[in-house]
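Each remark here refers to the structure printed beneath this line.
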Amino acid sequence: MRYPTLILSVICMVFAAGTAQAEKRVAFVVGNGTYKNVAPLPNPSVDAKAMAAALRNVGFEVVEGSNLTRDKMTERLLDFGKKAQGADVALFFYAGHGIAISGTNYLLPIDADIKSEMDVKLGAAINIDLTLEQTMGDAKVKLVFLDACRDNPFAAKIKSNSATRSVNVQTGLAEMKSGEGTLIAFATGPGQTALDGQEGGNSPFTRALLANLTQPGVEIQQAMTKVRAQVNEETNKGQLPWGHTNLIGTVYLNGAPAPGAVAAAAPASGPKPGSDVELEFWRSIKDSNKPEEFNAYLTSYPNGQFRSLALSRIASLESGAKDATRNLSTGIDPATFKEEANQTTEDQIGLDKGQRRDVQRRLTGLGFDTKVTGQFDAPTRGVITRWQAARGYPKSGYLNKLQHKALLTEIVAAAPTASSDEERPAPKRRAPSTVQAQPQPQPQQPPPQRQYSNPGPDPAGAGRFIGGVVGGMLR
């Protein structure tokens, strides 16, 4: 009986190999960096070439391009759309500038010259939602990776030319929802900006994708958990990739696990609770102040071992946000949104060590975690930059008088302890009599714990976004 069994096993293996080989996989991979009207980006073309090579190695037919004008991007998209019809797996990777206008995301060709919202919607940029729908809508599995969450280089022009109407020009990209059979992954969270990496290398997000996406026998959602953890660690928690998935079943880009490992594999509904992958996922978000990251955990692990903690954290953050986000910009001098800050403007404020501690405590209380040292070191500069980006102030990592005043007026869930008292050597310390921007003396409290939400504008979009690109874009 051994021989018939052996023959049957060989037949099954050959059949499985033939099926995998026959699977139709198509990828669109483009990196735009040499922009003509704004500062160039050093790494997108490097990212795209590396990603294209990795995907070809696992059986993808790749439609590739670097530093494309709008016409050239349209040509590549038309080619990709034709080849992706009926594909088993269609993959879309873009590195370069992307912008969000009124909740809709757009990709920027290198010849984009955007002066107003009208320029965007009449075809100077490429509507992502419409593009994905037209090129990948027929594929069984759709994977989208956007390393485009950078600063909007045209934001100032768009705002200045929209004086007669309100226009929402966002930092980074807006949230996108995935349809059935789709995974969408951003280099960082909605409304946040991502790092480009050292010149001549890969961005942190692309580097993590290259390291994990095509690992043999690794399911795509497990790979993305590893990507999140790697980027989070490499950037010292300064950047955390974000995504949304509606995949049905498991997806492997480089072969499913060996037959003997199938029994131990995760169920189709998501990765196995209690696995090392789940622990890695939880560690990457456990100190986060973003409810959407805990919701992402619950989506991947609806019965996970940290489910109750995630639900409690979401409730705490959302409760804090309701109290902390009211009237955030009320009373803020409009010049705060325009005046640049640098070392000179910060020196003019004359912050002593105690006041610097106070700034650090307030930032932490507002959800921008930093150590309270009284020193504005590189990590603190990074946190200040993130706070500035979330508020729409010019980003530099330094403060000026207007920004400092605005920070002091923000509502913190628990008032910061007066930092100057920490420097007093006396054994008995009383609560500070006054704290700038506090109406009444407060008893001394320990530094705020990580239980406050970022009171910046909620970056979440509203489901599917309204496509505004001119109809001839993909003709």
Residue identified as open to solvent by 10 Å² or more (accessible area, probe 1.4 Å) and touching a helix residue (DSSP H, G or I) at 6+ places or on another chain (Cβ under 9 Å) among Arg56, Arg70 = Arg70
For residues in segment 76-97 being part of a strand (DSSP E or B) and not aromatic (Phe, Trp, Tyr), which is nearest to Asn43 (Cα to Cα)?
-> Ala95
Could you tell me whether segment 187-205 includes any residue that is modelled with pLDDT of 85 or more, assigned to a loop (DSSP other than H, G, I, E, B), open to solvent by 10 Å² or more (accessible area, probe 1.4 Å) and over 19 Å from Asn32 (Cα atoms)?
-> no
Could you say whether any residue in segment 75-96 is open to solvent by less than 10 Å² (accessible area, probe 1.4 Å) and free of Cβ contacts under 8 Å to residues at least 40 places away in the same chain?
-> no
Within segment 29-53, considering residues that are surrounded by fewer than 22 Cβ atoms within 10 Å (Cβ to Cβ) and charged (D, E, K, R), the one nearest to Leu210 (Cα to Cα) | Lys49
Go through segment 280-301 and give me each residue that's open to solvent by less than 20 Å² (accessible area, probe 1.4 Å) and not in a helix (DSSP H, G or I).
-> Ser288, Asn289, Tyr301
Kindly provide the set of residues from segment 339-350 that are in a loop (DSSP other than H, G, I, E, B) and either without any contact (Cβ under 8 Å) to a residue 24 or more places away in the chain or exposed (fewer than 13 other Cβ atoms within 10 Å of the Cβ) (or both), ordered by number.
-> Glu340, Gly350
Are there any pairs with C-beta distances below 8 angstrom linking a residue in segment 351-378 that is more than 23 Å from Thr235 (Cβ to Cβ) and open to solvent by less than 20 Å² (accessible area, probe 1.4 Å) to a residue that is outside any loop (DSSP other than H, G, I, E, B) and basic (Lys, Arg), with the two at least 6 apart or on different chains, and if so which?
-> Gly374/Lys353; Gly374/Arg356; Gly374/Arg357
Selected residue (only one of Ala139, Ala100 is in contact with a Gly (Cβ under 8 Å, 6 or more places away or on another chain), of a type outside the set (Val, Ile, Thr) and in a strand (DSSP E or B)) | Ala100
Does any residue of segment 268-276 turn out to be closer than 30 Å to Thr34 by Cα, modelled with pLDDT under 75 and surrounded by fewer than 19 Cβ atoms within 10 Å (Cβ to Cβ)?
-> no
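Residue-by-condition table, conditions (1) at pLDDT 70 or above; (2) not in a helix (DSSP H, G or I):
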| site | (1), (2) |
| --- | --- |
| Asn303 | yes, yes |
| Leu309 | yes, no |
| Gly320 | no, no |
| Asn327 | no, yes |
| Gly354 | yes, no |
Filter segment 105-133 for residues that are open to solvent by 50 Å² or more (accessible area, probe 1.4 Å) and assigned to a loop (DSSP other than H, G, I, E, B) and give the result.
-> Asp111, Asp113, Lys115
How about segment 234-251: which of its residues are under 19 Å from Asp369 (Cα atoms) and out of contact with any strand residue (DSSP E or B) (no Cβ under 7 Å at 6 or more places or on another chain)?
-> Glu234, Thr235, Asn236, Lys237, Gly238, Gln239, Leu240
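The values are calculated or read from the model by the stated rules, or taken from the named source; none is laboratory data. Source: prediction; values computed, not measured. Because the Cβ atoms are built from the backbone with ideal geometry, glycine has one as well, and the counts that use them run over all protein chains shown. Ligands, DNA and RNA are stripped out before the accessible areas are found, and what is left, the full protein with its side chains, is counted by its heavy atoms. Shrake-Rupley method; radii C 1.70, N 1.55, O 1.52, S 1.80 Å.
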